[in-house]
Amino acid sequence: MKRGFTLIELLVVIAVIALLVGILLPALGQARRAAKAIACQANLRGIGQGLVLYNHDHRELVIPSYNMTGTNGGADVPLDGWGPILDRDGYMSGAQFKGSNPFYCPETVDVAGVANGGTGTDPNNPKGWLDWPFARTGSANVSQLIPERGFEKIIRVSYWINADNPIGAVTTVTPDLFYTASVGYGPSLEGRTITQTKLSAFVRPTQLISVADGLYAGRQRDSQLGRAESRIGYRHPGKQGAANCVFADGHVASIGGKEFPRALSANNNPDEVREENSYGKPTIYANPEKALGL
């Protein structure tokens with residue numbers, strides 16, 4: 001005569017299965033996140049290669065973060081963007097959707113991260129995306145094609161580019177300050193207009209961050225995790241979160257949320273900023289020694 005399971009035996013089996021599931025699910029979740037981080041790094045390697053090819057094809061000039069006219073941040077004037085430029089010129093092929101789009105990190109939070117001109121205090125906003133080209137209408141960024149300049153599709157980008165990205169009238173424009181810049185901005189109060197960054201300005205290309213997890217451009221003074229208006233998206237596993245980055249020489253590495261270098265500003269301790277951008281560490285400055293007096 002066959003003997004069935006007793007109630008106690010069934011409960012023991014169920015308890016063991018529940019225990020195994022409890023052990024395995026976090027491991028599977030971590031494995032999925034690790035796989036997405038690797039896919040993001042592959043995206044950034046492709047972007048790095050595209051940027052290097054652009055440099056070689058344009059007389060050692062760096063791709064603009066975008067092209068603009070005037071000092072008003074491009075109000076009612078479409079801004080192209082570095083992603084659409086790489087797409088239009090055949091270096092990479094992007095899309096407005098996350099599938100098969102190398103400009104879209106797999107861990108992107110599905111939110112238009114820039115609202116009212118910035119990311120604010122919502123920690124999900126820097127993990128979101130921005131559609132290029134766009135025009136600023138009031139405080140909103142509205143995607144807009146520019147067919148007369150060859151931009152015939154919208155590219156959804158969830159990576160940040162290390163650019164000089166001023167808005168409004170400023171006293172000084174510093175040439176070749178970061179990896180790239182908003183080309184055409186100006187004139188400043190001193191009569192200067194931003195031009196394309198020269199590759200020769202990079203004194204530490206292996207340490208100079210060009211593109212990172214995040215969105216839009218600029219705001220380097222608030223780049224660290226937890227800062228209001230940060231545009232760096234700490235999407236990946238690491239102590240308090242990490243951002244993948246591609247550097248000016250094309251290699252990729254991850255930076256923790258409290259180690260990402262910042263720029264000088266009235267709200268930042270200059271000694272801390274100098275330490276963060278010191279020799280041997282990642283830097284946001286094309287020439288940190290000159291910019292920071294190192």
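Just a few scattered comments:
- Tally, over segment 225-241, of residues that are surrounded by 19 or more Cβ atoms within 10 Å (Cβ to Cβ), touching an Asp or Glu at 6+ places or on another chain (Cβ under 8 Å) and not β-branched (Val, Ile, Thr): 6
- Any strands (runs of 3 or more DSSP E) falling wholly within segment 45-156 and containing at least 3 residues that are surrounded by fewer than 23 Cβ atoms within 10 Å (Cβ to Cβ): 66-70, 134-137, 140-143
- Restricting attention to segment 232-246, the residues that are farther than 17 Å from residue 218 by Cα and of a type in the set (A, V, I, L, M, F, W, C) total 1.
- Qualifying residue in segment 97-109 (condition: modelled with pLDDT under 95 and touching a strand residue (DSSP E or B) at 6+ places or on another chain (Cβ under 8 Å)): yes
- Being buried (at least 20 other Cβ atoms within 10 Å of the Cβ), in contact with a Gly (Cβ under 7 Å, 6 or more places away or on another chain) and modelled with pLDDT of 95 or more is true of residue 246.
The values are calculated or read from the model by the stated rules, or taken from the named source; none is laboratory data. The model shown is predicted, which means the values in this text are computed figures rather than measured ones. Neighbour counts are summed over all protein chains in view; Cβ atoms, including those assigned to glycine, are modelled from backbone coordinates with ideal geometry.
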